[in-house]
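Quick notes on the structure that follows.
The values are calculated or read from the model by the stated rules, or taken from the named source; none is laboratory data. What you see is a predicted model, and the numbers here were worked out from it, not measured in a lab. So basically every Cβ, Gly included, is an ideal-geometry build from the backbone, and we count neighbours across all protein chains shown. Note: areas computed on protein heavy atoms with side chains; ligands, DNA, RNA excluded. Shrake-Rupley method; radii C 1.70, N 1.55, O 1.52, S 1.80 Å.
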Amino acid sequence: MEIKSISIIVAMQQEANPIISALGLVYSGKISEQLPMLNYEGITNGVNVNLVTNGICPTYGIDLVASQPSILSTYVCVEKRKPSLIINAGTAGGFKKYGANIGDVYLGSPHVCFHDRRINLPGFSEYGMGFYTTYPCEVMAKKMALKTGVVSTGNSLDFSDDDKRVMDTYKGSVKDMEAAAVGWVANLLQIPFIAVKAITDIVDGSTPTKDEFLNNLELASENLAAQLAKIVCFLSTNDLH
Ligand code: SAH
């Protein structure tokens with residue numbers, strides 16, 4: 001697959017800022033007049049790159065994290081840019097039982113799932129979890145010494161017993177609030193998709209997630225940006241396989 005253009009979907013502005021700098025992107029306005037999502041563009045290694053942030057909630061004044069804004073960002077971005085590849089980049093929780101450390105960068109593989117759409121009816125259970133495939137990226141992960149795992153998405157920052165039960169069924173090792181939402185749109189529209197996630201907090205550790213997340217957001221976002229610059233470079237010269 002030749003990669004001519006890449007769209008990067010990011011929930012929080014603080015996560016996006018180091019990526020925008022690392023890739024030399026420039027703000028080009030809202031992705032659509034009626035929506036809060038912001039667009040940044042540039043050319044990196046001959047590849048057209050744009051990055052969309054979900055923007056600020058007009059009602060509550062905070063970043064539009066979680067699944068609904070991410071679906072909207074991704075769909076509008078695809079309509080406008082027709083990318084050859086979609087990347088969802090952001091921060092996430094990791095698990096010490098799977099060997100995660102703060103600041104690690106993971107590639108979602110072989111799929112991304114939802115852990116909080118529990119629909120215990122025939123056939124609906126699998127639909128709820130989703131299992132949206134990511135473009136094969138194990139070779140890239142190995143070459144770049146990145147970890148891989150199933151990224152699992154829910155609309156809550158906390159971790160309930162039910163979330164754990166579902167995540168354990170598919171060995172979800174990275175917990176976020178956007179990847180499966182972006183992955184669903186990408187799979188539906190048949191656009192190759194990868195998730196790149198930097199670890200801000202250890203979900204099965206002893207520090208409260210909120211404190212750990214805020215303490216490590218800057219470090220994780222810097223690591224995310226450094227790895228994304230390498231990933232875009234890698235993608236511009238290699239196939240993913
Ligand atoms: N209080 C924070 C809230 C951000 S929500 C603030 O406004 O500064 C957390 C964001 O980080 C989401 O976009 C999510 O994808 C990611 N994230 C990081 N750690 C997470 C975890 N343990 N569980 C779920 N999402 C997490």
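Number of residues in the stretch 126-151 that are surrounded by fewer than 19 Cβ atoms within 10 Å (Cβ to Cβ) and of a type in the set (K, R): the value is 2. Candidates are the residues of the stretch 152-176 that are surrounded by fewer than 19 Cβ atoms within 10 Å (Cβ to Cβ) and hydroxyl-bearing (S, T, Y); the one that is farthest from the ligand (Cβ to nearest atom) is T169. Residue count for the stretch 28-63 satisfying the condition of being under 17 Å from the mean Cα position of the chain (by Cα) and among the aliphatic types (A, V, I, L, M): 5.
Return a yes/no flag: does the stretch 215-233 have any residue that is within 16 Å of the ligand (Cβ to nearest atom) and among the charged types (D, E, K, R). Yes, that holds for at least one residue. In the stretch 58-76, the residues that are without any contact (Cβ under 8 Å) to a residue 12 or more places away in the chain form Cβ pairs under 8 Å with partners that are among the aliphatic types (A, V, I, L, M), at six or more places apart or across chains, as follows: I62/I56. Within the stretch 177-192, the set of residues being open to solvent by 30 Å² or more (accessible area, probe 1.4 Å), more than 16 Å from the ligand (Cβ to nearest atom) and among the aliphatic types (A, V, I, L, M) comprises L188, L189.
Consider the stretch 193-210 and keep the residues that are among the charged types (D, E, K, R) and at pLDDT 95 or above. The one that is nearest to the ligand (Cβ to nearest atom) is D201.
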